[in-house]
Amino acid sequence: MKRPMAGILGLCVALSGSLAAQAPQKKFMGGPVTIEDQGSFFIGGVTKVSDYAAVPFAPPGQPAPPPTPQQITIGQMYVQFQIPAKRSNPGWPVIMVHGSTHTGAALESTPDGREGWYPYFVRKGVATYVVDQSGRGRSGFDQSVLHEAEAKMNAGDVKAAAELIPSFGRITDNGAWTAWFGHLTPQGANVTNGKLIQHGDPADPEKPTDGRPHVAPIFPMEAVAEYYKQLVPNAEVTLPGSTCATCTPQQISPANTWTPQNLALLVERLGGAIVATHSQSGIMGHHMVRILKERGKLDLVKGLITIEGGCSLPNSGLAAADFDTIPYLSLKGDYTATSTQCQETVDAINARRAAKQGTARADYLKLDEMGMLGVTHMMMLDKKSNEIADIMIDWVGKNVKAARR
């Protein structure tokens, strides 16, 4: 239905009025930085020829022409980077990988207009590469799967169409609030009509029972609506999965197929790197290590950081011995329980150190036990995000061998 012109003009006037009322853009960066190089590129991906890559155009009133084979590229990964003119030790680049329902935007800046980990690391002298997971954000997804399902649906083959349509996972605004920040009541309410109870509030129904303080999140709650805008569907489900003979289970999801492959390619391209993963991408970092091991290039992994993500060695086809020369850091905030997976992995690596096997450091840093309370799962956006970044930068400086100049 066409919208009346008067309605469109009214909408434009309303929008212009709301834009005019907004505060002037503030400065995001915490200080100046001199860049030696910056840019973006794509890595990995394969070509696919499909009758459903594009929807045939039909003029009004005329039947659509039959589909023709078209070539597209799928599975590629978008990478953006900045290299500072003056680099700090140990000198290796850091690759940052976002988690589920997010893109690399979560690492660029915070919802309340502060610099994110990406520019902060660069300002601290670290060459930094930020990716959009394969199938997400600027990396794109495979729309031909949906077009093929639509064609089968139109042809009456509902069963075949249903089998083709993947389930798009996504963290909703409700889910983000209850997963990271607090509670939502009553049952069945949403963030627009329910009562939002932050962690640490007197009405918090889940107060700790071990005597430790329970404080409010240090996330910029005044900008939580801006944060919700970052959340996108996990469109990597349109890509094919894979198998791994050494993994348990052996069937590998699309998410754990393409991004790990492309991370391995990126590490190879850079001649070595430290990889920092968050949440969903935690296990992807481990699969990347396996892939580089299979290629005989394990030495290119200069360090692996897992921030509140999966750490399972069996899931990724690895063993503690694979980290004999790879520094390993797992990190958690305040409201997330200690990960049994991550603790077991760190303990297994350190058991080898106790047996005089391997030399690389392995730590599980629990920020709440270190006295930093209120740290959320989205700690790269928290008000103390730079302090948390400094903890990681300091750990890397102490435990990762310096690159040759």
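Numbers for the structure displayed
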| item | result |
| --- | --- |
| Lysines whose Cα lies under 26 Å from that of LYS152, excluding same-chain neighbours fewer than 8 positions away | LYS48 |
| Amide H partners (placed H, <5 Å) of ALA362, local residues excluded | TYR328 |
| Long-range amide H partners of HIS278 with built H, under 5 Å | VAL97, ILE307 |
| Cα Rg over Rh - the chain, Kirkwood | 1.00 |
| Selection from VAL301, LEU331, GLN230 lying farthest towards where the dipole of the chain points positive, charges on Cβ | VAL301 |
| Length-normalised contact order for the chain - Cα pairs under 8 Å, 6+ apart - percent | 16 percent |
| Carbon and sulfur %, accessible surface of the chain computed with the full protein complex present, 1.4 Å | 55 percent |
| Farthest toward positive dipole pole in the range 333-405 [+1 Lys/Arg, -1 Asp/Glu at C-beta], among GLY358, LEU373, VAL346 | GLY358 |
| Cβ-derived FRET efficiency at R0 25 Å, GLN71 paired with ASN154, nearest 0.05 | 0.60 |
| Loop-located GluC sites (Glu not before Pro) in the range 183-267 whose Cβ has at most 15 other Cβ within 10 Å (DSSP) | GLU206 |
| Cross-link pairs beyond the 19 Å C-alpha cut-off, checked among LYS332/LYS384; LYS86/LYS332; LYS26/LYS332; LYS332/LYS401; LYS124/LYS366; LYS297/LYS356 | LYS86/LYS332; LYS26/LYS332; LYS332/LYS401; LYS124/LYS366; LYS297/LYS356 |
| Positive-end extreme of charge dipole, the chain - chosen from ILE283, VAL396, GLY99 (charges on Cβ) | VAL396 |
| Cα-centred dipole magnitude for the range 293-359, charges only on beta-carbon of K, R (+1) and D, E (-1), debye, nearest 20 | 260 debye |
| Accessible area of the chain divided out per residue, in Å², using a probe of 1.4 angstrom | 48 Å² |
| Rg/Rg_ref, the range 246-333, where Rg_ref = 2.2 N^0.38 Å and atoms are Cα | 0.97 |
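The values are calculated or read from the model by the stated rules, or taken from the named source; none is laboratory data. This structure is a prediction, so every number in the text was calculated from the model and none was measured. Ideal geometry is used to build each Cβ from the backbone, glycine not excepted, and the neighbour counts take in all protein chains shown. Side chains included, ligands, DNA and RNA excluded: accessible areas come from the protein's heavy atoms. Shrake-Rupley method; radii C 1.70, N 1.55, O 1.52, S 1.80 Å.
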